[in-house]
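**Student:** Please see the structure below; I have some questions.
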Amino acid sequence: MKALKSPLAKQLLSNPRTREQLRQVPSSTGETRVVELRNGQTQHYVVRVVPKAA
Amino acid sequence: MNFALPALVVFLCLLPGFIFRSRLKRVESTSLDYSPFGRVVSEGVLWAGVLHVVWIALCPVFGDVADLSIALRLLSSNLDVHGKALNAVASQIPRIAGYFISLYAGSYLIPSVIRWLISKYRLDRYDSDWSWLFRFNDAPWYYLLTGADFDEDNEPDFIEATAIVNVAGEPYLFKGVLDRFYFKSDGTLDRLVLENTTRRKLNEDKSPRRRRSAAAAEAGFSAIEGDSFVIQYDQVVTLNIQYKKIDLATAAALTPIVAPVDAAEALA
């Protein structure tokens, strides 16, 4: 069965550069920053932990 | 040749209930239903009864009336009564075939639509008004690993799984993005498929230097080449799950992060 994975997560995981960045050590705030270069555009993302729903 | 026709009639009548039940309990072609046999049978018989009532009630809509006495006479052990019932069946085979074919098709398609509606409108979420009816209470892994309990606005983007696995007598920490998971027939997890996986020895945690900061502890991870990394759940000592959300960074979020300086580490 497929685990939870959004199209954005799939997109970042399919790119070797952003995939590498996702493995980075989180900052002191628990966040990881990812910079994506796509079609000449730079996009910045922040990856953070969210609490469980229930 | 002896032929247990009454048993066959009972089987044909009950079959749609089991088809309906199995289709209703399935998600993404993997069964989530590991109910005891008694419950499977009782629910199957119940659904069969409901479907027959609905189909018989719909018969007049198609300009026909279901003659239930024929079915009862087919179950009779009286050969005379049985023979007359068989003659009645033989004289209206197209109608009876139409009834059962449409019933089987309905018992396959209707629960698929219901299942789709439940998933689309998240009626099985833990805080849904309908969760008492639609929730798979026997499938906690499904809700834990698919994010089905999150509402759409707060749904995370992926799950990061961290597992401790003994490799050649040494405990290793494996961390990666959870891609897929598989169940055994008894409903326990069989294996996890990770991607973007890293690993390190767990006993490096015991090193005083590693304990000083989270960054130093994380630094011991080495990437595992490959697209998918499979972990057998039987070999997992502990499993940690983290839900992670990816947001577009705002200007404020792009200010440099000042990481706490570990003096002891800096001096080392």
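The values are calculated or read from the model by the stated rules, or taken from the named source; none is laboratory data. All of these numbers come straight from a predicted model, not from anything done at the bench. Glycine also receives a Cβ, built like all others from the backbone with ideal geometry; neighbour counts cover every protein chain displayed.
**Student:** So, in region B:90-107, how many residues would count as being assigned to a helix (DSSP H, G or I) and without any contact (Cβ under 8 Å) to a residue 12 or more places away in the chain?
**Tutor:** So the answer is 9.
**Student:** Restricting attention to region A:31-54, which residues are modelled with pLDDT of 85 or more, under 14 Å from B:Tyr243 (Cβ atoms) and at the interface with chain B (Cβ under 7 Å from one of its Cβ atoms)?
**Tutor:** Hits for region A:31-54 are A:Val47, A:Arg48, A:Val49, A:Val50.
**Student:** Only one of B:Val27, B:Val41 is more than 30 Å from B:Asn87 (Cβ to Cβ), at pLDDT 75 or above, of a type outside the set (Lys, Arg) and under 22 Å from the mean Cα position of the chain (by Cα). Can you tell me which?
**Tutor:** On inspection, the qualifying residue turns out to be B:Val41.
**Student:** Tell me, which residue of region B:90-136 that is over 18 Å from B:Gly44 (Cβ atoms) and β-branched (Val, Ile, Thr) is farthest from the chain's Cα centre (by Cα)?
**Tutor:** My answer is B:Ile93.
**Student:** If I filter region A:13-25 down to residues being within 7 Å of chain B (Cβ to nearest Cβ) and either of a type in the set (A, V, I, L, M) or more than 14 Å from B:Ala223 (Cα to Cα) (or both), which single residue comes out as surrounded by the fewest Cβ atoms within 10 Å (Cβ to Cβ)? Outline the logic, then answer.
**Tutor:** The initial filter retains those residues of region A:13-25 that are within 7 Å of chain B (Cβ to nearest Cβ), namely A:13, A:19, A:22-23, A:25.
From the residues that got through so far, the ones that are either of a type in the set (A, V, I, L, M) or more than 14 Å from B:Ala223 (Cα to Cα) (or both) too are A:13, A:22, A:25.
On the way: A:Leu13: 19, A:Leu22: 21, A:Val25: 14.
In this case the residue turns out to be A:Val25.
**Student:** Only residues that are buried (at least 19 other Cβ atoms within 10 Å of the Cβ) and either within 13 Å of B:Leu24 (Cβ to Cβ) or modelled with pLDDT under 80 (or both): list them for region B:118-134, please.
**Tutor:** Across region B:118-134, the qualifying residues are B:Ile118, B:Asp124.
**Student:** With the requirement that a residue be assigned to a helix (DSSP H, G or I) and small (Gly, Ala, Ser), what does region B:35-70 give you?
**Tutor:** Of all residues in region B:35-70, those assigned to a helix (DSSP H, G or I) come to B:37-62, B:68-70.
If the condition is that a residue be assigned to a helix (DSSP H, G or I) and small (Gly, Ala, Ser), then B:Gly38, B:Ser42, B:Gly44, B:Ala48, B:Gly49, B:Ala57, B:Ser69 are the ones that fit.
**Student:** Being surrounded by fewer than 16 Cβ atoms within 10 Å (Cβ to Cβ) and either in contact with a strand residue (DSSP E or B) (Cβ under 6 Å, 6 or more places away or on another chain) or more than 14 Å from chain A (Cβ to nearest Cβ) (or both) narrows it down to one residue among B:Ala85, B:Ala105; which is it?
**Tutor:** One residue alone meets the criteria, B:Ala105.
**Student:** Would you be able to tell me the number of residues in region A:30-52 that are out of contact with any strand residue (DSSP E or B) (no Cβ under 8 Å at 6 or more places or on another chain) and in a loop (DSSP other than H, G, I, E, B)?
**Tutor:** Of the residues in that region, 2 qualify.
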